[in-house]
């Protein structure tokens, strides 16, 4: 189904509202259509589209949690009678050592450029290309 947008079926707008890129066809439900139309955002075309996409993403995340991650805790298996092996003090303390910046960078550079480490959609290619700007934030995150 093509999503109806001003001037055609597009995903991006420049600051005067004309289309720049095409969104490929995808399946969409009537509920999703209604959800999109219910979002009321005022502003330029690019801002409205960005905000509606953000709002839709949040709505889909909420729906996903409600639909897929509700379970009864009484149905979980118990591990009574199982003897767990514990780490020694030496190895336990090693787990608490902070990662070095070089280690974090090496991991980011070994990952597939097109993969995304999280739900935000930012790929490893983005992390690699913007590394100088974001490395301090990444270091704070893994500390």
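No lab work stands behind these numbers, since they all come straight from the coordinates. Nothing here was measured: the structure is a model prediction, and the numbers come from that model. Every residue, glycine among them, receives a Cβ derived from its backbone with ideal geometry; neighbour counts consider all protein chains shown.
A few comments on the model shown:
- Inter-probe distance in nm under a simple model that places probes 7 Å from Cα toward Cβ, at residue 40 and residue 82: 5.3 nm
- The mean of 1/r over all pairs of different alpha-carbon atoms in the range 97-142, once inverted, gives a Kirkwood hydrodynamic radius of 10.9 Å.
- Residue ranges 98-104, 85-91 sort as 98-104, 85-91 when ordered by packing (mean number of other C-beta atoms within 10 Å per residue, highest first).
- The label-point distance for residue 54 and residue 33, in a model that sets each label 7 Å from Cα toward Cβ, rounds to 2.7 nm.
- Each label was represented as a point 7 Å from its Cα along the Cα-to-Cβ direction; for residue 131 and residue 109 these points are 0.4 nm apart.
- Relative contact order (%) - criterion: Cα under 8 Å, at least six apart; region: the range 97-142: 34 percent
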